[in-house]
Amino acid sequence: MAFVLPELPYEMDALEPHISKRTVEFHYTKHHQGYVNKVNGLIPGTGFEDASLEKIIKEADGGIFNNGAQVWNHTFYWYSLSPDGGGEPKGKLLDAIKENFGSFESFKEQFTNAAKTLFGSGWTWLVQTEDGKLDIIKTGNANNPLRNGKNPILTCDMWEHAFYLDYQNRKPEYLEGFWNLINWDAVTKRMK
């Protein structure tokens, strides 16, 4: 089974001015496509030849894990964003955020701080733990919360290729833009 690059749910310029068309083009057609190509080249003849990306994330290691997880992570990231996103979530997600972080403002501050302080390349996630509570975690490189039994519901890509063309080393500005793009409906649907 060969993996394919999933279509973006919007045009490449739709996230402007927060994420430029140029960044989306490089990020999606070079990086994301590159991970798809690499995992497809690595899985033939292995026990992961017909595996889902979720199985690869949970069971593989080395290059198969790194590239498979990055395909999944990037797809999840793109679908976490919307040109009509931003603002605050509603309903059960907002209730859960208030229950676990005190307020939306406190959650936003904690998530932003986690993303800003991630050393090196990786991801910042809002996850549901096995007991249904929400938590913010950081993972390095291709790591993914599925590997540790957590249900990811939101992620922010903190690899430099996600923001460097637009923001260089100004992570806080990238994160300000990120908050204007979050597709809260998609995040809510990911809750268990």
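The values are calculated or read from the model by the stated rules, or taken from the named source; none is laboratory data. Bear in mind the structure is a predicted one, so any value in this text is a computation, not a measurement. Because the Cβ atoms are built from the backbone with ideal geometry, glycine has one as well, and the counts that use them run over all protein chains shown.
For the reader, a short list of remarks on this structure follows.
- Which listed residue is of a type in the set (Val, Ile, Thr) and within 24 Å of Leu15 (Cα to Cα), from Thr129, Thr188, Thr139: Thr188
- Residue check, Ile57 within 14 Å of Leu146 (Cβ to Cβ) and either assigned to a helix (DSSP H, G or I) or acidic (Asp, Glu) (or both): yes
- Residue in region 22-42 that is crowded, with 16+ Cβ neighbours inside 10 Å, touching a residue at least 24 places away in the same chain (Cβ under 8 Å) and assigned to a loop (DSSP other than H, G, I, E, B) present: no
- Set side by side, the residues Glu16, Glu7 differ, and just one is modelled with pLDDT of 95 or more, under 15 Å from Thr75 (Cα atoms), among the charged types (D, E, K, R) and out of contact with any Asp or Glu (no Cβ under 6 Å at 6 or more places or on another chain), which is Glu7.
- Between Ala51, Ala96, Ala69, the distinction of being in contact with a helix residue (DSSP H, G or I) (Cβ under 6 Å, 6 or more places away or on another chain) and not β-branched (Val, Ile, Thr) belongs to Ala69 only.
- Of all residues in region 55-80, those satisfying the criterion of being of a type outside the set (Lys, Arg), out of contact with any Phe, Trp or Tyr (no Cβ under 7 Å at 6 or more places or on another chain) and farther than 26 Å from Thr23 by Cα are Glu59, Asp61, Gly62.
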